[in-house]
1. How many nm separate the modelled label positions at Val43 and Val107, each set 7 Å beyond the Cα in the direction of the Cβ?
2. Can you give the FRET efficiency to the nearest 0.05 for Val160 and Asn68, using r as the Cβ-Cβ distance and R₀ = 41 Å?
3. Residue-wise, which Karplus ³J(HN,Hα) couplings in Hz belong to region 104-112, taking 6.51 cos²θ - 1.76 cosθ + 1.60, θ = phi - 60°, and x for glycine or proline?
4. Where does each of Val54, Val123, Val43 land when they are ranked from fewest to most other beta-carbon atoms within 10 angstrom?
5. Only counting other Cβ atoms within 10 Å, I'd like Ile125, Ile61 sorted with the fewest neighbours first.
6. At a threshold of 8 angstrom on Cα-Cα distance, excluding pairs fewer than six apart, so keeping six or more, what relative contact order does region 49-175 reach in percent?
7. Full-extension gain between Ala144 and Cys50, please, as 0.36 nm times their residue separation minus the C-alpha to C-alpha distance.
8. Can you give the charge dipole size of region 49-175 about its Cα centre, rounded to the nearest 20 debye, using +1 on the beta carbon of Lys and Arg and -1 on the beta carbon of Asp and Glu?
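Since every read-out is calculated from the coordinates, none of them should be taken as a lab result. Here the structure is a predicted model, which is why all the values come from computation and not from measurement. Counting neighbours? That spans all protein chains shown, and the Cβs are built from the backbone with ideal geometry, glycine included.
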Amino acid sequence: MPSKRIAVATRLSGLIALVALGACQTASIEDTLGSATTDDLTVDDLRAFCPRPVLRDGTAILRTYTKNNEDNPDEVVYQATITDVTRTCKYRDGFLLMTVAAAGRVVNGPKGVAGDLVLPVRVAIKQGANVPYSQLGNVPVAVAPGAGATQFIYKDEQVVVPDSNPRSMQVFVGFDEGPYDTP
């Protein structure tokens with residue numbers, strides 16, 4: 001029996017040490033969530049469902065070519081790629097407020113030159129057959145001479161939709177080359 005008590009005591013002392021270390025954490029809500037404060041964040045926000053954004057097929061990569069040379073790999077001017085998407089959600093007064101962000105990079109192709117680019121990025125929310133939100137934004141990117149990959153981040157902080165059934169929402173992010181029949 002003494003060895004069993006020692007094993008229990010050892011496990012208990014290890015658990016107490018872990019709890020003590022956890023209590024020493026200095027991270028605050030502001031450190032963890034950026035500029036959010038306890039006034040901005042509610043218990044409902046922490047427990048609520050937040051739809052995940054996804055890249056729609058064919059919208060993660062945008063290539064430009066020299067004039068009249070589409071699909072010729074030797075004539076690529078630049079290639080932009082969205083590599084990651086994320087979101088944050090808040091619920092207020094019957095509405096879901098989202099910030100949707102996309103990160104990516106631009107690389108010059110064989111015909112690439114340094115300069116300023118504007119990348120068209122769309123955030124859209126689909127709920128069944130309805131599209132309660134669709135917004136086209138632009139990401140300015142400055143490609144430096146001889147640069148390997150130039151990083152970019154696009155953020156849409158204006159997403160507001162009724163929170164009637166957030167679990168049925170699909171959030172799409174991706175490049176949109178047009179034609180533009182929605183804003």
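1. 5.0 nm
2. After rounding, the FRET efficiency stands at 0.45.
3. Running phi through 6.51 cos²θ - 1.76 cosθ + 1.60 with θ = phi - 60° gives x, 8, 10, 10, 6, x, x, 9, x Hz.
4. Going from sparsest to densest Cβ surroundings: Val43, Val54, Val123.
5. Ile61, Ile125
6. 32 percent
7. 30.1 nm
8. 340 debye
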